[in-house]
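The values are calculated or read from the model by the stated rules, or taken from the named source; none is laboratory data. It should be emphasised that the depicted structure is a prediction, and the values quoted were computed from it without experimental measurement. Cβ coordinates were reconstructed from backbone atoms using ideal geometry, including for glycine residues, and neighbour counts include every protein chain displayed. Surface areas here come from the heavy atoms of the whole protein model, side chains and all, with no ligands, DNA or RNA. Shrake-Rupley method; radii C 1.70, N 1.55, O 1.52, S 1.80 Å.
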Amino acid sequence: MSSWRALLLRIGDKGPEYGGTTDFKEHIETCFGLLMREIEHADDEILDFLLQCAEQLPHKVPFYGTLVGLINLENEEFAKKVVETTQANLQDALNTGDCDRIRILMRFLTVLMCSKVVPPSSVMVVFETLLSSAATTVDDETGNPSWQARADFYIRCILSSLPWGGAELVEQVPDEIERVMVGIEAYLSIRKRTYDIGVSVFEFDDESVKARNEKDFLEDLWDRIKVLSNNGWKVDSVPRLHLPFEAQLVVGKSHDFAPISCPEQPEPPSTLSGITCGKQMHEAALKYPQRLHRLNIFPANKIEDLQPIDRFIVEEYLLDVLLFFNGCRKECALYMVGLHVPFRYEYLMAETIFSQLLLLPEPPFKPMYYTLVIIDLCKALPGAFPAVVAGAVRALFERIADLDMECRMRLILWFSHHLSNFQFVWPWEEWIHVLDLPKWAPQRVFVQEVLEREVRLSYWDQIKQSIENAPELEELLPAKAGPNFKYSAEGDKEGPEHALSLELSRLVKGRSVAREVISWIEETIIPVHGPQVALEVVIHTLLDIGSKSFTHLITVLERYGQVIAKLCLDQDKQVMLIDEVSSYWKNSAQMTAVTIDRMMGYRLISNLAIVRWVFSPANFDQFHMSDRPWEILRNTINKTYNRICDLRREISTLSKSVSKAAEAASQAKAELEAAETKITLRDGEPVQGEGPVRMKRLTSIAEKANEELVSARDTLEAKEALLARALEENEALFISLYKRFSDVLAERLPVASPDGTIRTLRGQTDNMVVDSEEPSEMEVDENGKSRKSDHLNGVSNGYNIGEKEQWCLTTLGYVKAFSRQYAAEIWPHIEKLDAEVFTVDISPLFRKAIYSGLRRPINGV
């Protein structure tokens with residue numbers, strides 16, 4: 001890397017590029033001096049790299065803004081290019097809906113104004129443009145309120161820029177900034193407050209949320225900006241690096257920032273209804289998502305020293321680092337611990353990372369990324385961060401009963417993986433009280449599932465050893481993994497099934513082909529013992545042969561999948577097949593899930609058969625006490641969804657190939673026609689057409705291009721037919737899923753109020769719920785240990801939700817989770833689902849869970 005690139009990239013960091021100093025003024029002067037020497041022969045490269053740094057290291061924007069201001073004093077043309085390129089990039093980001101780029105470029109524009117590169121009037125024009133678009137969108141008469149998510153995002157961009165330049169705007173254009181602030185206040189008065197319980201990490205009735213009069217994220221940010229304004233726009237967490245150079249910068253020439261335009265708002269639906277508005281609201285929420293849902297899991301005294309706006313800014317820094325360093329976890333951790341703020345923020349950092357890990361409907365990146373970042377942060381700050389992470393785990397554990405079901409599973413997967421990187425060390429004695437709780441209590445189930453996942457990541461004996469400080473918890477360990485082979489050597493050797501199993505094993509080990517095995521079954525087993533015995537013998541024997549490893553399993557399924565398919569031609573037989581898989585691997589939830597997943601991949605069992613099996617009595621009675629059936633159901637829906645995604649990608653690629661082939665065929669045909677009509681001299685006589693050799697070659701090229709076009713079109717049509725079939729299967733899957741949810745819930749749900757509140761299920765626990773927007777009542781000491789001694793002393797056996805009520809809460813939680821996760825695939829089928837499943841006579845609680853997950857208005861528009 002050239003020296004000027006290294007200086008731009010590492011500016012503000014304590015590194016060798018700047019001699020290990022942390023004097024920001026010296027960093028800027030050093031970098032500016034080198035840039036001025038290089039700018040004459042590398043101005044385009046410097047421009048591109050500087051803007052790239054500003055966009056991908058947004059926590060360093062004040063450095064880059066000040067650098068541009070200093071360069072402007074010596075090279076106005078370069079600064080003008082920076083302004084023009086920034087304007088073009090911002091306009092492009094607005095047109096494409098690139099939320100992160102819009103937000104960061106707005107911040108950069110504000111900093112350029114502070115460095116006198118852009119006049120404040122230009123910034124105000126941008127603010128007013130966004131404000132006008134937002135106000136128009138939420139207007140019931142002229143706008144489209146279903147797209148309020150976009151309007152809220154525009155307002156959020158304005159407000160989030162003010163900490164970087166509010167003081168300058170108030171000083172230089174007080175009337176204009178006051179007009180914008182009044183406009184924002186007016187906007188907040190006409191927009192609808194978004195409770196959005198469907199994406200809340202903690203489960204609450206929306207009525208209880210309304211009763212507490214909670215503010216949503218935009219209102220909260222507005223309050224923080226108002227406090228900042230009252231404090232004279234003083235921000236500790238934003239370095240005002242232009243001030244030491246203000247005497248120089250003030251003489252620089254400002255460059256007008258060309259006006260921007262916001263894209264036209266989508267047309268409102270012609271018929272206003274819950275479905276039409278819901279579809280548009282879902283689309284808007286996906287395109288303009290809320291970046292953060294605060295957890296507030298730590299006590300207030302851990303973060304109360306921060307000014308309200310400082311919390312928001314540090315969250316922005318942390319989220320930006322997570323965003324742009326998602327492929328470099330170690331760099332990510334280093335930047336996260338080295339933010340340019342004058343206070344400690346370990347608790348806020350932990351809470352922000354957990355908020356992303358648990359973000360709904362899905363985190364920006366795979367959960368594994370956050371796992372690795374937390375591990376690296378524990379290593380980077382060994383004296384502080386591990387205790388903070390432990391405190392976060394304890395705080396979430398205290399509230400596990402209120403945690404969304406999907407978030408609960410993410411937490412289990414993260415925690416078990418995290419412990420596997422630290423020798424599975426955890427003070428399990430703190431949680432020994434869960435043994436006094438009923439088997440369905442969420443805290444007990446949480447510990448049980450964490451231990452089960454740990455066994456998957458290690459082995460049973462090691463996990464047993466890791467809980468030696470709380471040996472009683474061995475009760476929650478899963479059974480030692482191992483097959484449950486009906487026809488093992490220890491079994492009944494005299495039974496006829498045992499002999500059949502031995503014979504089948506001999507055939508398989510003798511590498512008999514599938515056709516020979518099928519003939520043997522049809523001639524030897526089915527006529528004498530019937531199809532059910534044949535199925536049991538074949539499945540148990542083949543699974544036993546494939547039980548040594550995952551590779552053995554795949555080999556058996558590939559070689560003898562036809563045998564299984566021949567025995568399981570209908571859904572009833574496929575359900576029996578899954579029963580036998582579950583029976584064979586009853587001691588291993590992991591192998592049960594893996595085997596069923598592989599069998600579905602080979603199309604030996606259908607997704608409808610798996611759904612039917614999951615909702616069989618033996619399984620749905622375990623819904624509230626084990627993740628085993630839910631894991632299989634999740635895998636099934638994921639595989640169906642992934643097939644559709646793969647087909648869509650293939651169709652997109654093939655469509656481009658068809659376009660290219662059509663263009664090539666058209667060009668070849670045009671060349672051939674031109675050659676045929678061309679007049680040439682042959683033996684002194686004018687002849688139509690070129691020479692025979694060239695004509696033959698052009699004809700061959702045209703024919704080949706046409707063949708390729710026909711082949712590409714045929715392949716595309718075949719893939720489109722597969723996609724149509726997959727979408728039909730997907731529709732049938734969701735109809736079956738919701739029907740079965742409806743059936744099992746109808747038997748157990750209590751009569752609910754018309755608004756579908758869940759107080760009847762939670763009993764008196766509503767009074768115990770901790771406000772998600774308020775600090776947790778649990779205190780955490782410096783070692784991250786809970787000071788709530790009741791639970792540690794085993795007094796928490798007063799879990800007062802009955803088994804039936806907990807089953808209902810868990811199942812409804814999964815209804816909402818599945819609806820939320822696959823909303824994009826459910827909405828296209830919503831009319832049919834409404835007609836066949838979501839009818840007027842379904843339980844209000846069931847309807848509310850579905851609608852919350854889909855973010856669908858419950859009462860019409």
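The length gained on full extension between N642 and T555, counted as 0.36 nm times the residue separation minus their Cα-Cα distance, comes to 29.0 nm.
For a test of the definition: using alpha carbon positions, the gyration tensor, and the 1.5 limit on a/c, classify region 66-204 as rounded, prolate or oblate. Write out the running numbers ahead of the final one.
Working: a/c = 2.17, a/b = 1.84, b/c = 1.18.
Prolate is the answer for region 66-204, as a/c is 1.5 or above and a/b outweighs b/c.
Summarising the amide proton neighbourhood of I801: residues at separation of 5 or more, or on other chains, whose placed amide H is nearer than 5 Å comprise an empty set. Averaged over its residues, the chain has an accessible area of 44 Å² per residue, based on protein heavy atoms and a 1.4 Å probe.
Does region 471-600 come out rounded, prolate or oblate, given a ≥ b ≥ c as the square roots of the eigenvalues of its C-alpha gyration tensor, rounded meaning a/c under 1.5 and, failing that, prolate meaning a/b above b/c? Prolate shape, in that a/c is at least 1.5 and a/b is the bigger ratio. Compute the relative contact order of region 112-227 as a whole-number percentage, counting only Cα pairs closer than 8 Å that sit 6 or more residues apart in sequence. After rounding, I find 25 percent. Full extension of the chain between V425 and R101 yields a length gain of 112.5 nm, computed as 0.36 nm times the residue separation minus the alpha carbon distance. Amide H contacts under 5 Å for K586: N484, restricted to partners 5 or more places along the chain or on a different chain, H placed in the peptide plane at 1.01 Å from N.
Between the beta carbons of L457 and E490, assuming R0 = 25 Å, the FRET efficiency works out to 0.25 to the nearest 0.05. Rounded to the nearest Hz, the phi-derived 3J(HN,Hα) couplings of region 438-448 under the Karplus curve 6.51 cos²θ - 1.76 cosθ + 1.60 (θ = phi - 60°) are x, 4, 8, 4, x, 5, 5, 5, 4, 4, 4, where x marks glycine and proline. Measuring nothing but how far apart in sequence close Cα pairs (under 8 Å, 6+ apart) lie, relative to its length, the chain scores a relative contact order of 13 percent.
Potential lengthening of the chain between L188 and Q465 amounts to 94.0 nm, from the contour at 0.36 nm per residue minus the alpha-carbon distance. Taking a threshold of 30 Å on the Cα-Cα distance, which of the pairs K226/K330; K464/K804; K678/K704; K192/K804; K116/K330 fall above it? Cα-Cα > 30 Å for K226/K330; K464/K804; K192/K804; K116/K330; rest within.
Couplings 3J(HN,Hα) for region 504-516, derived from phi with the Karplus relation 6.51 cos²θ - 1.76 cosθ + 1.60 (θ = phi - 60°), are 4, 4, 5, 5, 5, 5, x, 6, 5, 6, 4, 4, 5 Hz, where x marks Gly and Pro.
The calculated 222 nm mean residue ellipticity attributable to helices in the chain amounts to -20500 deg cm²/dmol, summing -39500 (n - 2.57) over DSSP H runs of n ≥ 4 and dividing by all residues.
Here the simple spin-label model places points 7 Å from the Cα toward Cβ, and for E650 and S512 these points are separated by 3.5 nm.
What's the carbon and sulfur percent of region 60-113's accessible surface, probe 1.4 angstrom, rounded to a whole number? Answer for region 60-113: carbon and sulfur cover 37 percent of the accessible area.
Computed 3J(HN,Hα) for region 256-272, one whole-Hz value per residue from the Karplus formula 6.51 cos²θ - 1.76 cosθ + 1.60 where θ = phi - 60°, is 4, 9, 4, x, 10, 9, 8, x, 4, 6, x, 5, x, x, 5, 10, 7, glycine and proline marked x. Apply the a/c threshold of 1.5 to the C-alpha gyration tensor of region 537-629 and tell me whether it is rounded, prolate or oblate. The shape class here is oblate. So which of K279/K848; K366/K486; K366/K573; K439/K586; K25/K234 end up more than 28 Å apart, counting from Cα to Cα? Table pairs above 28 Å Cα-Cα are K366/K486; K366/K573.
With R₀ set to 30 Å, the beta-carbon distance separating K678 from V710 gives a calculated FRET efficiency near 0.65.
For L403, the residues whose modelled amide H falls within less than 5 Å of its own, excluding neighbours fewer than 5 places apart on the same chain, are E203.
The order of the peptides 342-349, 102-109, 353-360, 468-475 by mean Cβ neighbours within 10 Å, most packed first, is 102-109, 353-360, 342-349, 468-475.
Where the accessible area of region 234-357 is counted over protein heavy atoms with a 1.4 Å probe, how much of it, in %, is carbon and sulfur?
Ligands and nucleic acids excluded, carbon and sulfur reach 53 percent.
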